[in-house]
Amino acid sequence: MLELELGSDASIAQCVSEVLGRSGRIDVLINNAGVLHLGLAEETTREAVLAVFETNFFGTVRLIHTVLPHMRSLRKGRIINVGSLASRVSEPGEAFYSASKCALAGYTE
């Protein structure tokens, strides 16, 4: 197991470099990280919104952008983004979780 902080470009680069150093290749990337913030939309702070998107969307994008050049050089690989039904059907109090998963679904498409 390796430590990885999706909000840090340096952490992502370090982790990907370590995996490549150990195995020589990355064949599959599964993005399954997610955070949920429960609360009324109008009471949710900007910092809380950014934290949700940082993990659920931007962290995934950063990781893909780091791994994808390696996969392209091998001319193969799979990227699996784990989404949520909340991207289509939101529950009360999950506005920003749902929005982040909608963004991920759109990016994945």
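Per-residue answers, yes or no, for (1) without any contact (Cβ under 8 Å) to a residue 40 or more places away in the chain; (2) in contact with a Gly (Cβ under 9 Å, 6 or more places away or on another chain):
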position	(1), (2)
12	no, yes
42	yes, no
62	no, yes
70	no, yes
82	no, yes
95	no, yes
103	no, no
107	no, no
Task: Search result, residues across segment 1-37 that are within 15 Å of the chain's Cα centre (by Cα) and hydroxyl-bearing (Ser, Thr, Tyr) - done: 8, 11
- [ ] Output the residues belonging to segment 53-101 that are open to solvent by 60 Å² or more (accessible area, probe 1.4 Å), of a type outside the set (Asp, Glu) and farther than 30 Å from residue 24 by Cβ.
- [x] 85, 88, 89, 90, 92
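Residues are listed down the side, and each one gets a yes or a no for (1) over 11 Å from the mean Cα position of the chain (by Cα); (2) modelled with pLDDT of 95 or more; (3) basic (Lys, Arg):
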{"residue": "39", "(1), (2), (3)": "yes, no, no"}
{"residue": "48", "(1), (2), (3)": "yes, yes, no"}
{"residue": "70", "(1), (2), (3)": "yes, yes, no"}
{"residue": "78", "(1), (2), (3)": "yes, yes, yes"}
{"residue": "83", "(1), (2), (3)": "no, no, no"}
{"residue": "87", "(1), (2), (3)": "yes, no, no"}
{"residue": "91", "(1), (2), (3)": "yes, no, no"}
Task: Count - residues of segment 15-52 that are within 30 Å of residue 73 (Cβ to Cβ) and either of a type outside the set (Ser, Thr, Tyr) or open to solvent by less than 50 Å² (accessible area, probe 1.4 Å) (or both) - done: 18
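The values are calculated or read from the model by the stated rules, or taken from the named source; none is laboratory data. All figures in this text were calculated on a predicted structure; none of them were measured in a lab. Neighbour counts are summed over all protein chains in view; Cβ atoms, including those assigned to glycine, are modelled from backbone coordinates with ideal geometry. The accessibility values were calculated without ligands, DNA or RNA, using every heavy atom of the protein model including side chains. Shrake-Rupley method; radii C 1.70, N 1.55, O 1.52, S 1.80 Å.
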